[in-house]
1. How many lysine pairs in the chain, separated by 8 or more positions in sequence or lying on different chains, have Cα atoms less than 30 Å apart?
2. Please list, ordered by chain and number, the residues whose modelled amide H lies under 5 Å from the amide H of Thr251; skip anything fewer than 5 residues away on the same chain.
3. Taking a spot 7 Å from the Cα of Trp166 along the direction of its beta carbon, which residues of the range 207-222 have an amide N less than 13 Å from it?
4. Grab the DSSP H runs of the chain that are 4 residues or longer, score each as -39,500 (n - 2.57), total them, divide by all residues and round the 222 nm result to the nearest 500 deg cm²/dmol.
5. If you roll a 1.4 Å probe over the heavy atoms of the protein chains, what accessible area per residue do you get for the range 1-150, in Å²?
6. When the label point is put 7 Å from the Cα of Arg108 along its Cα-to-beta-carbon vector, which residues of the range 194-214 have a backbone N closer than 19 Å?
7. Indicate the helices, whole DSSP H runs only, in the chain that combine a mean Kyte-Doolittle hydropathy of -1.0 or more with a Cα extent along their long axis of 20 angstrom or more.
8. What's the extension gain from Ala515 to Arg491 if we count 0.36 nm per residue and subtract their Cα-Cα distance?
Amino acid sequence: MLPTRGGCWKDHVEPLLLGIDVGTSSVKAVLLDLGGNLCAVCQAEYPLHHIRPGWVEQDPEDWWQATCKAVGEALARVAHGRERVLGMAVSSQAPSLLPLDGSGRPLRPAMIWMDRRAEAEAAQLSELVGAAEIHRITGNRPDAFYVAARLLWLRHHEPEVLQRTWQFAQVNGYINYRLTGRLTMDPAHAVLLQLRNYATGEWSEALCSACGVDPAQFPEVMEGHCVQGEVTAGAAEATGLRAGTPVMAGTVDSPAAALEAGVAEPGIAVEMTGTSTVVIMPNDRGLTEPALIAMPHALPGIHLLLGAMVSSGGCLRWFRDQLGQPEAQAAAQQGTGAFDLLTRQAAQVAPGSEGVIFLPYMMGERSPLWHSNARGVFFGLSLATSRAALVRSILEGAAFALRHNVEVAVRAGAEVREMRSVGGCSRSDVWNQIKADVLGLPLLLPRTSVGSPFGAAILAGMGAGAFRNVRESLVEMVGLERRYEPNPANREKYTRTYQVFRDIYAHLKGDFDNAAAITP
């Protein structure tokens, strides 16, 4: 049995698990006890570098310095912190392209997942190997999102970097390397390279050859819960950790978030909404679908289909920053958040947003459209349209995009009977109810919602032998505290509106491309 819930520290011998997530804008470190109780949460931010439109890079040293800061502060918040850490794991944003030289030093800044510079190379790979063949081999469609296209970009534009590369690291792999001196990669990150056979894990000679790389330039692949090394003396001094602390291989942020929500079997899905939205749907058959992203779960034997939407909470942030000055001023006076005031206004508007339908494609869209030129649209405006209706239409539009991804997954064979929600936007009652109504599914909130580092900490516990049965332990650790049931009347109205939502995009698809051709 796991320890009883309650206070997180009884005496100095109670072990802790350390989970770290290296995200797009910050590192977050959490300490959990073996009952899943949070003992410390610390965060350290770093910048994004927008080199030119579509080119997004980060300095790996920023990841490391933020990791040291967040971990050190977390350890300082609990008694005897460094001595009590039983094990640790790192999850991260993915995929990234980070070439390292023979001394383990970065040869250039990392191209992170947001980077779209390799779209021409993705198209070239499709011509060289065939789009259907790439999906058959790798389980995923060719796209600039994956590492393969960026490797081909590197071959075309920075061949000297490609020639000098010892290893290509992923974000969490680089942090693990700084912690332990050993470079590895888990199966989820390996899939996002788009260079391996999804079913067998064998390297694709055709894809590696097309990209100009050797499989020896990639780290050893091991399961995310396996011990990949121990904290070195130098890393211990930099982070405050105990030298010799076991470090697991870790995983991508999405499988880690699934663990946080207790998503461990087909039928139970989770959506995490912040700036963007990712919906994670497990299966035990290794399903793939060209419109979605396929990868292994952090739990052996389980696979995931992911829908990844570029901007959901980001659209609401845009409205706040550009049109929400009244709410920002009121929030400052009331000591609350502008987002809270905006969503409170949206709650006063009936489902359907007074006839306004919003396409949430303000930065293009990934799944299931994979259309970089798509853009945001308010459809159905009139002189009677209220500000609150605009806000509600943003919430509804994001829910419609979520439903689109779920429908594609279900057609591919996935089962979804319940949705769970994590992330900053899961705090909105009105948005949660809209999602339940649009999906026609119950939506549940876990009691803890700190994101992927919680799941990384669970991986650490798996690797350290803290759980006899991780699935049973997840049930105990992940409590569900709130449930939203779909309203049948709202569901019926939203189903009709959803079809119009889909039709609007279909009618505008060519116009988006034409506009992109004339817009500098």
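The values are calculated or read from the model by the stated rules, or taken from the named source; none is laboratory data. All values derive from a computational prediction rather than experimental measurement. Cβ: placed from backbone, ideal geometry, glycine included. Neighbour counts: every protein chain shown. Remember, those area values only see protein heavy atoms, side chains included, never the ligands or the DNA or RNA. Shrake-Rupley method; radii C 1.70, N 1.55, O 1.52, S 1.80 Å.
1. Lysine pair count for the chain: 7.
2. Val90, Ser91, Ser92
3. Under cut-off, by backbone N: 217-219.
4. Per the formula, -12500 deg cm²/dmol.
5. On the way: 5720 Å² over 150 residues.
Using a 1.4 Å probe on heavy atoms only, each residue of the range 1-150 averages 38 Å².
6. Taking a point 7 Å out along Cα→Cβ of Arg108, the residues of the range 194-214 whose backbone N falls under 19 Å are 194-195, 208-214.
7. Answer set is 60-76, 387-411, 488-518.
8. Extra length available between Ala515 and Arg491 comes to 5.2 nm.
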